[in-house]
Amino acid sequence: MLRRRLARLFLGGTAGNERLTANTASVLIVLLAVEGATLLSLRSFLPVHVFVGMLLIPPVALKRPARATGSCATTAERPST
Ligand code: HEM
């Protein structure tokens with residue numbers, strides 16, 4: 001069961017890319033919501049803010065627009081031409 005789910009998750013190709021992007025998007029929405037909530041009382045939730053902020057770095061890096069990558073460590077999602 002878990003193996004099949006993992007296999008589907010790391011399918012590769014356009015289907016795999018679509019799944020990865022969709023999964024990343026849902027993780028991103030949840031984490032951004034939590035991160036936003038900590039801002040309401042940043043003083044008391046600063047440790048949570050920093051922790052969740054760190055968790056946000058990978059999905060944000062994956063979901064950022066390809067155009068914004070520049071030349072530094074680029075993993076452009078689509079061709080530039
Ligand atoms: C997408 C991720 C993040 C978002 C959207 C975000 C957003 C914000 C915003 C809007 C504030 C200003 C709050 C205010 O001045 O009232 C803030 C403050 C702060 N953030 Fe983040 N943050 C993110 C990630 C992080 C990470 C990864 C760290 C730690 C490495 C961090 C550390 C801090 C700290 C220390 C403050 C307080 C600064 C101060 O005392 O003025 N944040 N954040």
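Here, each number is a calculation from the coordinates, and none is a lab measurement. Please read all numbers here as calculations on a predicted model, not as lab measurements. Every residue, glycine as well, gets a Cβ built from its backbone with ideal geometry; the counts of neighbours run over all protein chains shown.
A few remarks follow.
- Cβ pairs under 6 Å, 6+ apart, first in segment 1-24 and free of Cβ contacts under 8 Å to residues at least 60 places away in the same chain, second assigned to a helix (DSSP H, G or I) and of a type in the set (K, R): T24/K63
- Within segment 2-25, the set of residues being surrounded by 11 or more Cβ atoms within 10 Å (Cβ to Cβ) and in a helix (DSSP H, G or I) comprises R8, L9, G16, N17, E18, R19, L20, T21, N23, T24, A25.
- If you go through segment 29-45 and keep only what is near the ligand (Cβ under 6 Å from one of its atoms) and surrounded by fewer than 16 Cβ atoms within 10 Å (Cβ to Cβ), you end up with L39, L42.
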